[in-house]
Amino acid sequence: MTESEQPAAPADEPEPGPTTPEKKMRDDEFRAPALRREAARFNAPGTGFPVVALGGSAGSLTAFEQFFRAMPVGSGMAFVVITHLSPDQGSELAQVLQHFTAMPVQEATDGLHVRPDQVYVIPPNRDMSLLHGTLLLFAPTQPPGRRLPIDFFFQSLAKDARERAVCIICSGLGSDGSLGLKMVMENFGMVMVQDPTTAEFDSMPRAALATEFVDYVLPAADLPARLLEYVRHPPHRPRRPDDDPGQTKPAHALQKIFHLIRAQTGHDFSFYKRNTVFRRIERRMNAHQITDFTHYVRFLQETPAEVTALFKELLIGVTKFFRDREAFEQLQARLLPLLRHKPDGSTVRLWAPGCSTGEEAYSLAIVLLEALDGVERGKHLSIQIFATDINPDAIDAARTGEYAGSLVADVSTERLRRFFAKTEGGYRVKKEVRDAVVFAVHDLNKDAPFTKLDVLVCRNLLIYLSAELQKNLIPIFHYALNPGGLLLLGPSENLTGFQDLFQPLDVKWKLSRRTELPSSITRLSNFSFSLGRQPLSALPLAPLPGPMLPATTPKEGPFAALVQRVLLRQYTPPAVVVNAKGDILYVNGRTGRFLEPAPGLGAMNVFDMAREELNYELSAAVHKAQATREPVVLEGVKLRLDSGVQLLRLTVKPLLNEGEPLAGLLLVVFEEQPTPRRLRQGKAAAADAPDAQSQGLEKELQYTKHRLQTTIEEMESSLEELKSTNEELQSANEELQSTNEEAMTNKEEMQSLNEELMTLNMQYLSKSEELGQAANDMKNLLDATEIATVFLDHDLVIKRFTPPVHRIIPLLPSDVGRPITHFASSLRYDNLAQDLRQVLDRLTPIEANIQTTQGEWYAMRVLPYRTLDNYISGAVITFTDITALKTLEAQLQESTRFAESIVESMREPLLVLDADQRVLAISGAFAQLFGLDAERTKGLPLRELDGGAWQQPALRQRLQDALEHPDQPFADFAYAADFPGAGPRRLRLYGRALVSHGMQTGRLLLGVAEG
């Protein structure tokens, strides 16, 4: 089983309740009956609804659109969308997603209860988690570059919804979500990934696939159909083999599954916890819609690939660098004394079983290399770390030493610089770290352990093993470690039943030191597997009772050693070394007069073996010495022997400054004292017998009272310690909960920043495209009009101009930024600068027709330059070429003069009128007939000629109709009037509109005939 470095208990154990102030407030809220019922309803087995979390970053909007358009309403699932948003900008994601689905979409708020058939979107600049079906928002505690909101939510989702959790990884950069999906898988949820070939950015989907913990890989549009199939079929959990005792064959289904796995992989999972194994198997059965274990066994027999898939399912491990950083800090602090006592040139040996992909092994190497910096200079120690796992794929990955860039969230900048080298796809551990670790495939259940270790780190592996296998492994760990070696377990593991083998150093982080006890020998004899080729008799034994000599001194040793042994036997009083429980660890001298074997099994405990007369005094002295940490000496202790009564001096001394191996032990010394003859011979007066008996009873009563008082004090002290321990455990649970729910960012800073920049760049790219299109349209518009235009700022500095301007002002592209007053123009106009200032001051446009020195004419317009927000930021000059218009106007005037000269030379009385019936030309005959002055008549309205004789309405209407209808001239129009210069006359008039080349000229010809 690979290491699963989760601080929480396994899936079949309840989660401890949080007790941090923030979470206590949260718990207080749940004291309300309605909220309690809501939480119970959400977490009740078999009654909750699936919660689907969709994570993505750059390019994920397209995937979300395809997903929600294909997801029908009424699925019974709740959807939570987590994406990378800019922290300083508002989000419109909820409004955008609402266009893709008929389900209600809303931005999450703190304390919002999750409901089925609704969509919730994470707000900007917030981390979000799920607790009892309630969305909780947190202010980010990490810089924007290190925040990974997808992993943060996935981890809380996995712990809160467990098998009802579904996570989906969509398009995006980086690897956010790859750690959280492992926890979802580990808690029996389901993992889906968008097909990388269909993603706009495939980094996140490929990082998820690299974990090998993915159930389905499909295009975004196909994910809803498979999700609905997974949720709705099968409707019930698979029937376990032991659910129906009436069937005999299904009862052996689990054993058959174990057999198939062992036959194909060589690994036996029969010693793993049944609940964990059952849930892993049920997960695979649900993936294939199989409801019966016997059918799944048949499926395994017919599908070897499924056996491999189930094997990997059982090997799910979540690990990272420096998981539980404080635990590694405690280990590093305890390593320093151990390294200082190591001889120069020796090797420091460590073993990390269940290393998974190697993050923990390399973390140990880094911690050890840093600890070596604290050892005195000139001392050379080599490092050898054995990292093992039963998964060969994980071992192969660990051997490469290459990891994704997300490790920057777990490794400090200094460690990253010293121990890692940057690569294109992430980081690689440097050679000094890689050379310190030896990776190997190893099965704790059947392979011999590594021995002579200084440190053994086995974190969160035991929680997946059965109690029987754990009872075998703990003595193995004790045997594998050197005396004083360190053992580090996971926060959810303990040494229950083996407290005598290890001395606790840090209760919170399960750091212990190996003790030296003879009992470890008998426990090793119960191993259920072979210890390699080394027989049990060859194992190193604990020191046996006897003289205090080095264990390596041979019987036929040097002269000095033999003399030392004789002196110790002859002149050293009998003594024993015991631990706090009274277990005898070492015996010196002849102690048979004071200690004797206790009935029953051969236990080596000083309290059980002490003679009856010494029992009370010895127990009191040991407890007092242990409590005060001071030597305790009892004088005149009576010991009844066959030869009489012997007085003893009983000394109990704590071994405080004798080195780490003896720390916490007690030395008990028995010294005989001179004894009066009458006591030695037992000749006490008969009369003194009752008094002696009373004194003995009184002494025993006083001792009993003292022990009772001591016991009460010890119980009170123990109670306080238990309370303190409970508080520490609660604090540890709070910190672990907080770490899991609030502080799991674990990703690379620049990668996350790039994702946010990529999102912004996509928006800017869209805006740039729009601006480019607008610029193209404007350019083509100006080119099509061929209008010379100059854009100026407030200081008359040229900002931009169109190419036709060079015909008027000789401007080049390099002249942008220069005042327009620096350039001479070809205009016959000297007031251009004054007009520009007037427009900027008064904001009123100016128009003028100006001729150039080349004879060209331009209609100049000067207008203020207004921005979209109505801000005046300069002026605009436009020059419209009207040369052709001026030429046409001149030609028309010339034609008019020519026509007038023709009319004036006609012999018939004629008038040429304009559209307003004003006289343009008059023939001499007309002027002579009516006595008019031809020159004074031009320009007068017809109605004013001859004192108003021509103002009859009928004539005016005939002229107007002829002008409007050139093809309908009039003739023989009778007209009678009294003309001042000609007298009364009756006239016949005719008229028509003048047309040139089929086009109207706006002129009328009026002729007169007498009649």
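The values are calculated or read from the model by the stated rules, or taken from the named source; none is laboratory data. Being a predicted model, the structure only gives us computed values, none of them experimental. Backbone-built Cβ (ideal geometry, glycine too); neighbour counts: all protein chains shown.
Of all residues in segment 396-443, those satisfying the criterion of being β-branched (Val, Ile, Thr) and either in contact with a strand residue (DSSP E or B) (Cβ under 6 Å, 6 or more places away or on another chain) or part of a strand (DSSP E or B) (or both) are Val429, Val437, Val438, Val441. The condition of being of a type in the set (Phe, Trp, Tyr) and at pLDDT 85 or above holds for Phe201.
Taken over segment 474-500, the criterion of being hydroxyl-bearing (Ser, Thr, Tyr) and surrounded by fewer than 18 Cβ atoms within 10 Å (Cβ to Cβ) is satisfied by Thr496 alone. On the basis of being β-branched (Val, Ile, Thr) and at pLDDT below 85, does Thr19 make the cut? Considered against the rule, which asks whether it is β-branched (Val, Ile, Thr) and at pLDDT below 85, Thr19 comes out as yes. Candidates in segment 244-274 are the residues that are in contact with a Pro (Cβ under 8 Å, 6 or more places away or on another chain) and within 24 Å of Ala467 (Cα to Cα); of these, the one that is modelled with the lowest pLDDT is Ala251. Residue count for segment 681-715, restricted to those that are aliphatic (A, V, I, L, M) and at pLDDT 70 or above: 5. Of all positions in segment 462-473, none carries a residue that is free of Cβ contacts under 8 Å to residues at least 12 places away in the same chain, in a loop (DSSP other than H, G, I, E, B), surrounded by fewer than 22 Cβ atoms within 10 Å (Cβ to Cβ) and of a type outside the set (D, E, K, R). Of all the residues in segment 157-202, those that are among the acidic types (Asp, Glu), over 22 Å from Leu228 (Cβ atoms) and assigned to a helix (DSSP H, G or I) number 2. Here Glu908 fulfils each of the conditions (1) out of contact with any Gly (no Cβ under 9 Å at 6 or more places or on another chain); (2) closer than 30 Å to Leu892 by Cβ; (3) of a type in the set (Asp, Glu) apart from (1). Quickly run through segment 66-88 and pick out the residues that are in a helix (DSSP H, G or I) and within 24 Å of Gly48 (Cα to Cα). Answer for segment 66-88, where residues must be in a helix (DSSP H, G or I) and within 24 Å of Gly48 (Cα to Cα): Phe67, Phe68, Ala70. Here is the figure for segment 587-620: residues that are of a type in the set (Gly, Ala, Ser), more than 17 Å from Glu672 (Cβ to Cβ) and at pLDDT below 80 total 4.
Are there any pairs with C-beta distances below 9 angstrom linking a residue in segment 775-791 that is more than 12 Å from Pro804 (Cβ to Cβ) to a residue that is not in a helix (DSSP H, G or I) and not aliphatic (A, V, I, L, M), with the two at least 6 apart or on different chains, and if so which? Qualifying pairs under 9 Å: Lys779/Thr802; Phe791/Lys799; Phe791/Arg800; Phe791/Phe801; Phe791/Tyr865; Phe791/Gly874. Is it the case that Thr853 is of a type outside the set (D, E, K, R), more than 60 Å from the chain's Cα centre (by Cα) and closer than 30 Å to Thr1001 by Cβ? In short, no. Which residue pairs have Cβ atoms closer than 7 Å, lie 6 or more positions apart in sequence or on different chains, and pair a first residue in segment 285-300 that is small (Gly, Ala, Ser) with a second residue that is not in a helix (DSSP H, G or I)? Note: pairs meeting the criteria are Ala287/Asp215.
Here's a check for you: in segment 73-82, which residue that is under 18 Å from Leu61 (Cα atoms) and touching a residue at least 60 places away in the same chain (Cβ under 8 Å) is surrounded by the fewest Cβ atoms within 10 Å (Cβ to Cβ)? Result: Val80.
What is the number of the single condition among (1) of a type outside the set (Gly, Ala, Ser); (2) in contact with an Asp or Glu (Cβ under 8 Å, 6 or more places away or on another chain); (3) at pLDDT below 75 that Arg284 does not meet? Condition not satisfied by Arg284: (3).
Among residues of segment 410-440 being closer than 21 Å to Pro353 by Cβ and of a type in the set (Val, Ile, Thr), the one that is surrounded by the fewest Cβ atoms within 10 Å (Cβ to Cβ) is Val438. Taking the condition over 26 Å from the mean Cα position of the chain (by Cα) and farther than 30 Å from Arg206 by Cβ, does Ala371 pass? Spelling it out, Ala371 is indeed over 26 Å from the mean Cα position of the chain (by Cα) and farther than 30 Å from Arg206 by Cβ. So, Ser718, is that one modelled with pLDDT of 75 or more, farther than 30 Å from Gly644 by Cβ and either within 60 Å of the chain's Cα centre (by Cα) or assigned by TED's automatic domain parsing to the domain that holds Pro631 (or both) or not? Yes.
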